[in-house]
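As structure tokens, the structure follows; a few thoughts come after it.
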Amino acid sequence: MSYYLDNQAAKPVDERVIKEMMPYFREKYANPASLHCDGDIATDVLEKSRKKVADFINAPNASDIIFTSGATESNNLALIGAALRYQKKGKHIIISEIEHISIHNIAKYLERQGFRVSRVAVDQYGIINLDKLEKLISDDTILVSITTASNEVGSLQPIEEISKITKQRDILFHTDAVPSLSVIPIDVQKTPLDLVTLSSNDIYGPRGVGALYIRKGVRVNPILIGGGQERGLRSGSENIPGIVGFAKAAEIAKREMESEAKRLQILRDKLIKNVLESIPNSHLNGHPEKRLPNNAHFRFDYIEGESLILGLKENNIAAATGSACSSKTLEASHTLISLGLLHEEAHGSLLISLGRTTKESDIDKLLETLPGIVKRLRKLSPLTPPEMLKKLN
Ligand code: PMP
């Protein structure tokens, strides 16, 4: 395995989670819909898992959790489900400019279905502007969907303040909590969130399983129609091993998150300080303090992020230019453009995301390698100014 610094894209499944899941593949494999005793075992573990995931975000009722196939599906159920349910009340939805591509594409889909979508702007650090949000709200606004943190530049969003605004105006508030799930606790009783997207892999559980928290009293229409599982909101036989793994991951994350976030923040700060000091014309994207403890997002003048990733790959270091879900397009990241960066600036970016397996030696390896790669690429870049070229040669 490489020096793995791409935890935003995928995280390893915790050994303790795998152990917990194993019996549900071959020994306790029954369907919870079955009426026999094996079916009862499956129902029992399904409901115990629901309770553990509810506890993870301090949800008052286990039934507030609807299991899904992951964050994309939860985002679809939240936005499309709420839009369809409340369309008689209004047809206006607000998202932010820095949402994950899944939210952007769902919003475009809803526009094609006759809904009106506004996209609230962010400041130079990628944090949404609350005044602008308030100005966008109108009488027909039914839903605001804003992530807990940018999945690219890591800027933390003012979720507490947004939830107060939406509550006052009787508008639903959905947050995609995926970027911060492993490092910042959520308490839906302290913060009045109506809909929250959760994903198992983002807390070191298996991929392909997630959940949507739906506050009691909030209604959404189902988007998958079938046998009526999950209170009729998500049909399809439940993925019991996946759900058991997700619940175990939630239990571990709840216990270990605080100390882990502190450990990662120390490594992140070492990385940011050393990169900015050792590489001229390097910049940190996002807010210097109000950022995820496991995220460092850099920009290097005159070079392209893709070449940088290939240079790191030659040295067995795995990193990213931005969101994995958009990494194979040639377009500049919508998040970086919304921060006010020029296309050429947005193209010179590097996302380093740390996780439970990250060691100080991974950071040291990156710090040893990166300056040389940046220097080599700048020597080759037609954008490097002559005075810098002279110094490089
Ligand atoms: N939302 C955010 C913020 C994400 O980063 C991702 C990707 N990890 C998703 C949604 C989609 O997740 P998935 O591909 O697991 O459905």
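The values are calculated or read from the model by the stated rules, or taken from the named source; none is laboratory data. Note that the coordinates shown come from a computational prediction; the quantities given were computed from them, not determined experimentally. Positions of Cβ are backbone-derived with ideal geometry, glycine not excepted, and every protein chain shown enters the neighbour counts.
Within segment 352-368, track down each residue that is of a type outside the set (D, E, K, R) and either under 15 Å from Leu264 (Cα atoms) or free of Cβ contacts under 8 Å to residues at least 40 places away in the same chain (or both).
Of all residues in segment 352-368, those of a type outside the set (D, E, K, R) come to 352-355, 357-358, 361, 363, 366-367.
Matches in segment 352-368: Ile352, Ser353, Leu354, Gly355, Thr357, Thr358, Ser361, Ile363.
Scanning segment 123-149 for residues that are among the polar types (S, T, N, Q) and within 21 Å of Asp187 (Cβ to Cβ), which turns out surrounded by the fewest Cβ atoms within 10 Å (Cβ to Cβ)?
Thr148
Identify, please: which residue in segment 136-147 is within 23 Å of the chain's Cα centre (by Cα) and hydroxyl-bearing (Ser, Thr, Tyr) and is, among those, farthest from the ligand (Cβ to nearest atom)?
Taking the candidates together, the pick is Ser145.
Output the strands (runs of 3 or more DSSP E) that fall wholly within segment 281-393 and possess 2 or more residues being of a type in the set (Ser, Thr, Tyr), or say none.
Fully inside segment 281-393 and qualifying: 349-353.
Taking the condition in a helix (DSSP H, G or I), under 25 Å from Asp55 (Cβ atoms), touching a residue at least 40 places away in the same chain (Cβ under 8 Å) and assigned by TED's automatic domain parsing to the domain that holds Ser74, does Pro179 pass?
Here the answer is yes, as Pro179 does meet what is asked.
Name the residue that is nearest to Leu172 (Cα to Cα), counting only residues in segment 200-237 that are of a type in the set (Val, Ile, Thr) and within 15 Å of the ligand (Cβ to nearest atom).
Ile223
Scan segment 22-31 and give yes if some residue there is crowded, with 17+ Cβ neighbours inside 10 Å and within 16 Å of the ligand (Cβ to nearest atom), otherwise no.
No.
For segment 76-135: of the residues being free of Cβ contacts under 8 Å to residues at least 60 places away in the same chain and among the β-branched types (Val, Ile, Thr), which is nearest to the ligand (Cβ to nearest atom)?
In this case the residue turns out to be Ile106.
Which of (1) in contact (Cβ under 8 Å) with a residue 24 or more places away in the chain; (2) surrounded by 16 or more Cβ atoms within 10 Å (Cβ to Cβ); (3) under 22 Å from the mean Cα position of the chain (by Cα) does Gly340 not meet, given it meets every other one?
Unmet condition: (2).
All but one of (1) surrounded by fewer than 23 Cβ atoms within 10 Å (Cβ to Cβ); (2) touching a residue at least 12 places away in the same chain (Cβ under 8 Å); (3) within 18 Å of the chain's Cα centre (by Cα) hold for Ile41, so report the exception by its number.
Going through the list (1) surrounded by fewer than 23 Cβ atoms within 10 Å (Cβ to Cβ); (2) touching a residue at least 12 places away in the same chain (Cβ under 8 Å); (3) within 18 Å of the chain's Cα centre (by Cα), Ile41 breaks only (3).
I'd like to check something: does segment 210-223 contain any residue that is under 22 Å from the mean Cα position of the chain (by Cα) and among the small types (Gly, Ala, Ser)?
yes
Specify which of the listed residues (Gly242, Gly232, Gly210) is touching a Pro at 6+ places or on another chain (Cβ under 8 Å) and buried (at least 19 other Cβ atoms within 10 Å of the Cβ).
Result of the check over Gly242, Gly232, Gly210: Gly242.
Only one of Ser96, Ser63, Ser150 is at pLDDT 95 or above, of a type in the set (Ser, Thr, Tyr) and over 21 Å from the mean Cα position of the chain (by Cα); which?
Result: Ser63 is the single residue among Ser96, Ser63, Ser150 that is at pLDDT 95 or above, of a type in the set (Ser, Thr, Tyr) and over 21 Å from the mean Cα position of the chain (by Cα).
Provide a single number: the residues in segment 195-207 that are part of a loop (DSSP other than H, G, I, E, B) and crowded, with 24+ Cβ neighbours inside 10 Å.
Residues in segment 195-207 being part of a loop (DSSP other than H, G, I, E, B) and crowded, with 24+ Cβ neighbours inside 10 Å: 3 in total.
Return the residues of segment 369-389 that are free of Cβ contacts under 8 Å to residues at least 60 places away in the same chain and aliphatic (A, V, I, L, M); say none if nothing qualifies.
Listed by number, the residues that qualify are Leu380, Leu389.
Where residues in segment 160-169 are surrounded by fewer than 22 Cβ atoms within 10 Å (Cβ to Cβ) and assigned to a helix (DSSP H, G or I), which of them is farthest from the ligand (Cβ to nearest atom)?
Gln168
Give segment 55-95 a look and list any residue that's over 18 Å from Thr148 (Cα atoms), among the hydrophobic types (A, V, I, L, M, F, W, C) and either in contact with a helix residue (DSSP H, G or I) (Cβ under 8 Å, 6 or more places away or on another chain) or surrounded by fewer than 21 Cβ atoms within 10 Å (Cβ to Cβ) (or both), or say none.
Ala62, Ile65, Ile66, Phe67, Ile80, Ala83, Leu84
Take the conditions in contact with a Phe, Trp or Tyr (Cβ under 9 Å, 6 or more places away or on another chain) and closer than 28 Å to Ala320 by Cβ and apply them to Ile142. Does it pass?
No; evaluated as a whole, the condition is false for this residue.
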